[in-house]
Structure formats: structure tokens, C-alpha cells
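**Q** Here's a structure for you.
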Amino acid sequence: MRLIKSSLALSLLASLFTFQANAENYLIKNATVHTATAKGTLKNVDVLVQNGRIVKVGQELAVAGKATVVDGTGKHVTPGLINAATRMGLVEISAVANTVDASTKLENMGASFNISPAINFRSTLIPQNRINGLTRAIVLPGNGKSIFAGQGAAIKLTDTLEGLLSDNVAQVAAYGESGAGQAGGSRASAMKQLDQALSDADYYRKNQTRFMPGTDFKLSQSTNDLKALFPVLDRKTPLVISAHRADDIQRLIALANKHNIKIVISGGGEAWLVADDLAKAKVPVIMDPMQNLPRFESLAVRLDGAAKLYRAGVKLLFTGGGSHNGYLVRQSAGNAVAYGLPAEAAIEAMTINTAEVFGITNYGQIRVGMDADIVLWDGDPLDVTSNPDLVLIQGKNIPLVSRATRLRDRYWELKGNHEQAYQY
Amino acid sequence: MNIKLIVGLTASLSLLGCEQKVEKKPIELEPEKPLYQSTYQPLPSEEFVIVNATILDGSGKQFDNATLWVKAGKIQAVGNDVKIPSGIKSYDGKGKWVTPGLIDVHSHLGVYPSPSHEANADGNEMTGPNTAGVWAEHAVWTQDPGFDLALAGGVTSLQVLPGSANLFGGRTVTLKNVPSITMQGMKFPGAPHGLKMACGENPKRVYGSKRQKPMTRMGNVLGYRNAWIKAAEYKKKWDDYYQAAKEGEEKDKPKKDLQLETLAEVLNGNILIHNHCYRAEEMAIMIDIANEFDYQISTFHHAVESYKIADLLAEKDICSAMWADWWGFKHEAYDSVRENIAMVDKANACAIVHSDSAIGIQHLNQESAKAMAAGNKRGLKLTAKDAIRWTTSNAAKSLGIEDKVGTLQSNMMADVVLWSQNPFSVYAKAEKVFIDGALVFDRDNKSANAVSDFDLGVTDPAGERL
């Protein structure tokens, strides 16, 4: 009972304060703080949040002006978590096609497909994920008819269009088995398509005036799609390429070197076999450490793959749980720790690493000046038995309510067939 | 029930009608040959104890700093005052936890194995909405590397089911998770068959999209009822045949129909119903269909909305096999709540954590941990000794093997897991797994563990895959 009382009281208190001035001021006292910085994990530390930012991190901080004081004794603070590969906002019910906007079947739209206008910030997935500690997400398109899926976005998990942080944080392409499928049935044709597209985009960028109407240059992609590759050629956004097989990854590293672009490997089942190549080329890997079922392109996949990559110096970005349960990236990270990854590295793979790779600023660490995306956990943030007691997104307190918690509360006491409908 | 009554009535009526009926000698019928019988033999084992451990016995009890004694593949004793025989193998369980071997009531290992591709996708006979005549065990690929991964997660028994494309998907099979060339070598001796049924979206989508029956949930129910009517007729034919033989009367043996045979065996109480069903009102309809045709539903699988009718499920003694948190992949999975399992348990209904996933089966302890934590966050006081039931004794009950496995009570099969710590944590690992007392997985001595044919030499000709 004590647990529930205190958490109810906390959320009640918190929701009251969101309607008052200085709502964004919080002082979390005496918590274990996972900073996701070089300082690592700090014990018995206070975090002061003012006007949506972290303004102080230290011991025995005093309340400056009005602030809600939250006792963090025995609890843990992390940055709000981010999942590095989701379809959040692009899917409500996976099997109901009308509610899914993740890819296009248009013939002439590949790299230029930008999913940002489709993101639904009032999706029920947003509250369900944020009350479980996920405050941000990378939203990536799925492949349609092109080997290029298009441009991905970064979002914060709020209810309004302001949640769109950036409408183009990455270009997405498929390689390995799925890329081969996109490119007529062979990795060789997939590689040719990727290579040609990057060459054509470079040529087009340097010779745009020659491509006036009436000229008959043959290009491998539409000019719109080639234009969409300019930020990749400029190294402004990375090319996220799905691949598992070790030699697929090595060949993609060679492709990146040839075109002088930044790539991120997504999947990476066998990435640990070529960890040194990835580290040397500074190529990060997006992975779900719990995905350990062998496929023919990931025969060597294993639960300690993430730990092996980390030890070799590869930057890790974690995903997991799909989109509906994108917050379960935390369980995936916990499993990576169970199989050898240092806990701090696991926190970084759900916060600052993803922020850095996709250019999200002011987010991903508990330090002065950062946006106050903060989760206060009732236990070890990497363990499956822990849950949030407090979630702040840029200092705004998120009521711990979702459609699922409403249903739970409606049926908590079973009262009868008709009466149930009046419980809300 | 009714059929038996009528048979009895006609028999006595005819007796009354005849003046001097001579009692005929019953005809000895050749017994039905048992088919695809289990050839399972426990692996070699030695007598042992685990001492100083925290032991969850699966029936709701926790013993601290306790001893488990296993002899001849059976649980001998568990508790704080077990007299340890001298000279037997002893494992130190200090800081470690012991539980019964985990049981997954919903797996497709072997029928949807890894690597996953069309050529070995053998779980759904999508050629008609009623394929009650197919058996999952006829498609189990024993070399699925998923079996070994599940074993490393502490899973010692599992039910392999056909998929949910059909109203009647076919017979399920319960396996012991041991290495074996043949399916028969894994088949859990004495475990009853199940029959997979499916509610809702899947059958109507698979057949409706081909403009075939069923296209709606109405059509689903029509399909079930028509099938049970035929099954009842079929059962009567066989009952009459056996009854006649008992009365010394020779009758033509009815023609076997494999589809109807499975259904009739459900009506005879020999095959358990495992019903894929998400929505509360559909479960209530399925319960009424079971009443109409006089069979018992063992378990609703997936049961995303069991929390809405947990009282009804408790009253009808039907288990719910659930995920901790899956939702939103279909509309019928839209009302999922993270407290579902805890809420079903709270209503004193039979709650089970299942996987339906070759990844989830490796982490059933974590799925239970999440479900327990979600319930406790909302105010319940569930502990490890409660939560372990969801993958042990309750699961065994669902499969009709509760007299053999699922608890650590005396004389049960010694299917046991020694965990590195409290199993309800992301950090917990199964260190040693015993099946019928035999050490079948040892995290500390990998070279003693079995390796599937598939894994052998596939990544490194001279080395191992893992």
C-alpha cells in the first residue's frame, strides 16, 4: 500500500504543479544518478531542474525559489531514454493498414520519402512509451520499392507537433537479405544500386545545370531521390543500412570509405565478428541485443555480441521492443549487461550515443545545461522489475497515464457486466 | 454424457422387450495401436543435493537456505530439514535460487524453427479452416537451435502448437527439452494431446481474404459448431460400436476420419483445448460453445483481455496464457494492459506466462518479473513464490501434466533449474538445468552441453556456433 500511495501522491502532486507557475522546477534529492557522461554513476546526488533544463547536479542542493521536491532516496535517475529505431507515430495497429504510414509503394520515391508529415503525436503509443521511461525516439521509414527507404526523424514523446525535433536525421537503406530482395534478388545488385546512386547523386550535385528539361542523361534514381542523398554526401546525416552478415558489413564499410560518407549499421547480428573494422572506421551499430536467433545472414549472432562490440570500441545504439513497446529497449540493454556489457555503456546506448549519432542536441545526459528529460526509477534502471516514478520531458511532468492504465484501472475491481462501463 | 444415457436407456428397453434374452459374451476388440509413441528415456543421472539455496517449489512455497534432494530422477525431498545422505554429489546453492524447470505452454519451436524461412515454416496448414487432423509433432524439426537456447533459459518442457490460421489448427504436442534425433525421443511420456483452436482475426483474415468461410467472427462460430455437431455424431458411432461389442454384438467398425477423431477425443476428455483468443466477449462465446458441446477449455492463449473477465475464468476453471506486455500488432490486441497476468492471478484464476516466441521462451523469468512488478506497482504484493507458479505449476495444469512436473514435491520428475540469483531479474541466468535428474545444461561447463546438428560447424568448421 505504501508504494501505491506514494506513487499516486507523487503523480497527483505532479499533475497539480503542471498547471502552476514554475511548473518546470524540480529538485530530485538523494538519488543514484546515471549521468551518461564521463562521470559515470553518482550516488546520493541531487538534480535541480529549472525552466526545462538541468541547472545543478550535486550534493545537498538547496531549493532556489519554488520547486517541487522529490525524494529520490533508494531510487535512480537516468536521462529519458531513446530508442534508436522505431516506427513510433507511423503505426497505430500494425495489422490495420490504414493506420500504418511507415513506407510507400510509389515506384519513384525512395531516398526522398520523408516520413515526418505522417507522424501522429496523438498516437496511443506515445503515452504508453513515455510513462515507461522513453522520452525520445528515432523514427525510421520502412522500405517500399526502392533500396532506399527514405529519411528518418527524431521526436520527443509529447502530444503536439512540437514533438518533431528534426525531420531528417538519417537516410535509410537496406542491405543483406532484405537489400538483395529489394534489388532483384542478389546482394551484388543491391551493392551496385547503392554505389551507383551515391555516384549519381554526387555527379548530379556537381552538374545540376546540365540536367535541364530536354537533356537525356540517364540516372539510376529520380532527381528528387538523388537530391535527398546530398546530406549523406555532405556527411550531415548518416546512411543507416541494415546488415547482419560479417562480410556484408565489411563491404559496406568499404562503400562508405569510397564515397566518404557516414554510415550506421542497423541489425548487426554478426557485427562482433568484424568489431575491429567497425571501430577503426568509426561506424556505429544499432542493435537489439536480445535478437539472438540465427538466420542464414546472422549465423554467429549471440547474446554477448553487444559486449564484444563495446570492448572493441564500437559505438552502440540500442533498439528493442518494436514500436508499441519501444520502451523495452531497456530490457534489451539489461540483457546486454547480463552478458558482459558495463551498465554505464548500456545506459549510454539508450541516451547520449543515439543523440550524438543523429545530431540531437541538449539531450542524453544528466549534466548542467541539458534539457530536463529525466526519469526517476524505483529501482535499477536496467532491471525488468523497475518502473518510473517520475518522468520529465524538457522539464514537463508527464502524468503516468495511458490508455492501458485507464483500462487497467477500470477493471481493477470487477463489478459486473454493465457497471464496468461507468468506471473511469 | 447425454449420448451415454441414451445408449443405456435403449439397452435396458430392449431387455424389457425380449422375453428370454440370452446374455452374449462380450467381443474382445483389438485395442487401438498407440501412435507416434514417446520413446523418451531420461538421460543418465546421479543422485544429488543442492544445499544452502533459496528454493521456490512451484506450488507457492519458498524455502530459504534450504536443500533439494534428487534421487533416481525424482524429487526426494525439499526443505530446511532434509537429511542429506552421505557420499552423494552436492551443489552449493549459496546466493542461488532453485525452481522447477520452466514450462512454456505456447511454443512453435521445431515447427517454426530458426533459421526462419518458408521451407521450414510448418506450423500452419492453411488449406482449410478445420485441420483438426494434423499433428504438430509430425513437423517438429528436432535440430531447431531454438531448443538449446530455450534450455539455457531454464525451459525443461514445452507445448508445441500449430499456428492460429485455422479455427481448428491441429493437435499440439508436449515435449521434454532434451537433445534427440527423433521427435518421439522428446515426447513427454503420458502427456495428453492438445487441440489448437483459434478465435478472432486470424481465421477470418486468412479465409475471408480468399472469399471463403469464415469471413467474419459469425462465420468462425458457425465453423466451430458445425464441426462439433459432426464430431458428436462421429463419437456416437464409435461409442455404439464399442457398446455393441461389450454386449456381444458384432458391428461394422466405423470408418476412421482423422479430423473427427481429434474432435471426438476432445469430447471424450482425452485431448485438451488450447484456444487462441484475445477478446473478452469472444472468450465468453467460446465458453458457451464448450457448454453446448460438453467439453472443457483448458486454456485461452494470448488472452489479452482476460483481466476483463478474470472472475468468469476463475469460475470456469480456465487458464489464461499471456504475454507480459505485447500489444497493438492487431486490433484484438489493442486493449492489452501490463497488469493482465497479475490481475488474473488476483482473481484466483489460473495465470500463465507464455512466450509464443523463440526469443521470449529464453526469458520467461523476465516476462514473469515484468508482470509481477507491474502488478505490484499498482498495489499488489506478489512475490517470487507467487510469480514462479505462472511458468511452473499453472503451466503444468494447463497441459495436464501437473501430476508429473511443475512443482518440487516428492516423487515429481526432477526437472530443476539452479539460478545464479533470484530469477525475477534481468541479470538472472540458469546456471544448471536438470531434466529427470540429469544435468542437461551447465553454464560453467559448456563442453558438456549438447549441440544441435544445425549449430555444428555452421559458423566455424572446427568450432562451435556459440
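The values are calculated or read from the model by the stated rules, or taken from the named source; none is laboratory data. Please read all numbers here as calculations on a predicted model, not as lab measurements. Neighbour counts run over all protein chains shown; Cβ positions are idealised from the backbone, glycine included.
**Q** Test A:V264 against the stated conditions and say whether it is assigned to a helix (DSSP H, G or I) and touching a helix residue (DSSP H, G or I) at 6+ places or on another chain (Cβ under 9 Å). Steps first, please.
**A** Numbers: assigned to a helix (DSSP H, G or I): no; touching a helix residue (DSSP H, G or I) at 6+ places or on another chain (Cβ under 9 Å): yes.
It is false that A:V264 is assigned to a helix (DSSP H, G or I) and touching a helix residue (DSSP H, G or I) at 6+ places or on another chain (Cβ under 9 Å).
**Q** Is it the case that B:E261 is crowded, with 23+ Cβ neighbours inside 10 Å and more than 16 Å from B:D356 (Cα to Cα)?
**A** Working: crowded, with 23+ Cβ neighbours inside 10 Å: no; more than 16 Å from B:D356 (Cα to Cα): yes.
Spelling it out, it is not the case that B:E261 is crowded, with 23+ Cβ neighbours inside 10 Å and more than 16 Å from B:D356 (Cα to Cα).
**Q** Considering only the range B:411-443, state which residues are assigned to a loop (DSSP other than H, G, I, E, B) and within 14 Å of another protein chain (Cβ to nearest Cβ). Show your work before the answer.
**A** Residues of the range B:411-443 assigned to a loop (DSSP other than H, G, I, E, B): B:411-412, B:414-415, B:420-429, B:436-437, B:443.
Hits for the range B:411-443 are B:S420, B:Q421, B:N422, B:P423, B:F424, B:S425, B:V426, B:Y427, B:A428, B:K429, B:R443.
**Q** Taking into account only those residues within the range B:344-379 that are within 21 Å of B:A314 (Cβ to Cβ), facing chain A (nearest Cβ under 9 Å) and not in a helix (DSSP H, G or I), which is nearest to the chain's Cα centre (by Cα)?
**A** Looking at the filtered set, the residue picked out is B:A347.
**Q** Can you spot a residue in the range B:360-372 that is surrounded by fewer than 20 Cβ atoms within 10 Å (Cβ to Cβ) and either out of contact with any strand residue (DSSP E or B) (no Cβ under 8 Å at 6 or more places or on another chain) or on the phi < 0 side of the Ramachandran plot (or both)?
**A** Applying the first criterion (surrounded by fewer than 20 Cβ atoms within 10 Å (Cβ to Cβ)) to the range B:360-372 yields none.
The answer is no; no qualifying residue exists.
**Q** Going by what's in this entry, would A:A300 be described as touching a residue at least 40 places away in the same chain (Cβ under 8 Å), buried (at least 24 other Cβ atoms within 10 Å of the Cβ) and within 14 Å of chain B (Cβ to nearest Cβ)?
**A** Numbers: touching a residue at least 40 places away in the same chain (Cβ under 8 Å): yes; buried (at least 24 other Cβ atoms within 10 Å of the Cβ): no; within 14 Å of chain B (Cβ to nearest Cβ): yes.
Answer is no for this residue.
**Q** Still on this structure: I'm checking my understanding of the structure. Among residues of the range A:97-112 that are touching a residue at least 12 places away in the same chain (Cβ under 8 Å), more than 19 Å from the chain's Cα centre (by Cα) and surrounded by fewer than 24 Cβ atoms within 10 Å (Cβ to Cβ), which one is nearest to the other protein chains (Cβ to nearest Cβ)?
**A** A:K105
**Q** Out of (1) free of Cβ contacts under 8 Å to residues at least 12 places away in the same chain; (2) in a strand (DSSP E or B), the odd one out for B:E281 is which?
**A** Here B:E281 meets the rest and fails (2).
**Q** While we're on this one: What helices (runs of 4 or more DSSP H) completely inside the range A:337-424 contain at least 3 residues that are facing chain B (nearest Cβ under 10 Å)?
**A** Values: elements: A:343-348, A:352-357, A:403-411.
Those helices (runs of 4 or more DSSP H) span A:403-411.
**Q** Only one residue in A:A154, A:A137 is crowded, with 23+ Cβ neighbours inside 10 Å, touching a helix residue (DSSP H, G or I) at 6+ places or on another chain (Cβ under 8 Å) and touching a residue at least 12 places away in the same chain (Cβ under 8 Å), so which one is that? Steps first, please.
**A** Values: A:A154 fails: touching a helix residue (DSSP H, G or I) at 6+ places or on another chain (Cβ under 8 Å).
Residue meeting the stated conditions: A:A137.
**Q** Could you tell me how many of the residues in the range B:116-131 are within 14 Å of chain A (Cβ to nearest Cβ), under 24 Å from the mean Cα position of the chain (by Cα) and not in a loop (DSSP other than H, G, I, E, B)? Can you show your working first?
**A** In the first step, residues of the range B:116-131 are kept if they are within 14 Å of chain A (Cβ to nearest Cβ); the result is B:116-121.
Now narrow it down to the ones that are under 24 Å from the mean Cα position of the chain (by Cα): B:116, B:120-121.
Now drop any that are not not in a loop (DSSP other than H, G, I, E, B), which leaves B:120.
Residues that pass the stated criteria total 1.
**Q** Identify, from the list A:K308, A:K282, the residue that is farther than 30 Å from B:L456 by Cα, surrounded by fewer than 24 Cβ atoms within 10 Å (Cβ to Cβ) and away from chain B (no Cβ under 11 Å). Write out each step before concluding.
**A** Values: A:K308 fails: farther than 30 Å from B:L456 by Cα.
None of the other options fit; the residue is A:K282.
**Q** Just give me the residues in the range B:327-343 being free of Cβ contacts under 8 Å to residues at least 40 places away in the same chain and either more than 7 Å from every other protein chain (Cβ to nearest Cβ) or assigned to a helix (DSSP H, G or I) (or both), in sequence order.
**A** Of everything in the range B:327-343, those that are free of Cβ contacts under 8 Å to residues at least 40 places away in the same chain and either more than 7 Å from every other protein chain (Cβ to nearest Cβ) or assigned to a helix (DSSP H, G or I) (or both) turn out to be B:N340, B:M343.
**Q** Give the range A:70-108 a look and list any residue that's of a type in the set (A, V, I, L, M, F, W, C) and not in a loop (DSSP other than H, G, I, E, B), or say none.
**A** At the first step, the residues of the range A:70-108 found to be of a type in the set (A, V, I, L, M, F, W, C) are A:70, A:77, A:81-82, A:84-85, A:88, A:90-91, A:93, A:95-97, A:100, A:102, A:106.
Passing the criteria: A:V70, A:V77, A:L81, A:I82, A:A84, A:A85, A:V91, A:A97, A:V100.
**Q** So, one more: All but one of (1) within 13 Å of chain B (Cβ to nearest Cβ); (2) crowded, with 24+ Cβ neighbours inside 10 Å; (3) assigned to a loop (DSSP other than H, G, I, E, B) hold for A:L293; which doesn't?
**A** With respect to (1) within 13 Å of chain B (Cβ to nearest Cβ); (2) crowded, with 24+ Cβ neighbours inside 10 Å; (3) assigned to a loop (DSSP other than H, G, I, E, B), A:L293 is out only on (2).
**Q** Residues being more than 30 Å from B:A396 (Cβ to Cβ), part of a helix (DSSP H, G or I) and in contact (Cβ under 8 Å) with a residue 24 or more places away in the chain: count how many of those fall in the range B:202-219.
**A** Narrowing the range B:202-219 to residues more than 30 Å from B:A396 (Cβ to Cβ): B:204-219.
Now drop any that are not part of a helix (DSSP H, G or I), which leaves B:204-208, B:217-219.
Now drop any that are not in contact (Cβ under 8 Å) with a residue 24 or more places away in the chain, which leaves B:206-207, B:217.
Of the residues in the range B:202-219, 3 are more than 30 Å from B:A396 (Cβ to Cβ), part of a helix (DSSP H, G or I) and in contact (Cβ under 8 Å) with a residue 24 or more places away in the chain.
Yes/no matrix, rows are residues, columns are (1) surrounded by fewer than 23 Cβ atoms within 10 Å (Cβ to Cβ); (2) in contact (Cβ under 8 Å) with a residue 12 or more places away in the chain; (3) within 14 Å of chain B (Cβ to nearest Cβ); (4) of a type outside the set (F, W, Y):
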residue	(1), (2), (3), (4)
A:R53	yes, yes, no, yes
A:K66	yes, yes, no, yes
A:G80	no, yes, no, yes
A:R87	no, yes, yes, yes
A:A95	yes, no, yes, yes
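**Q** Please work out which one of (1) within 14 Å of chain B (Cβ to nearest Cβ); (2) among the β-branched types (V, I, T); (3) in contact with a strand residue (DSSP E or B) (Cβ under 7 Å, 6 or more places away or on another chain) is the condition A:I119 fails and give its number.
**A** In the conditions (1) within 14 Å of chain B (Cβ to nearest Cβ); (2) among the β-branched types (V, I, T); (3) in contact with a strand residue (DSSP E or B) (Cβ under 7 Å, 6 or more places away or on another chain), A:I119 misses (1) alone.
**Q** Test A:D389 against the criterion of being of a type outside the set (A, V, I, L, M, F, W, C) and assigned by TED's automatic domain parsing to the domain that holds A:G52, and give yes or no. Quick ask: steps written out before the conclusion?
**A** Values: of a type outside the set (A, V, I, L, M, F, W, C): yes; assigned by TED's automatic domain parsing to the domain that holds A:G52: yes.
Yes, satisfied.
**Q** Looking at the range B:285-326, which of the residues that are more than 14 Å from chain A (Cβ to nearest Cβ) and among the polar types (S, T, N, Q) is surrounded by the fewest Cβ atoms within 10 Å (Cβ to Cβ)?
**A** By that ranking, first place goes to B:N291.
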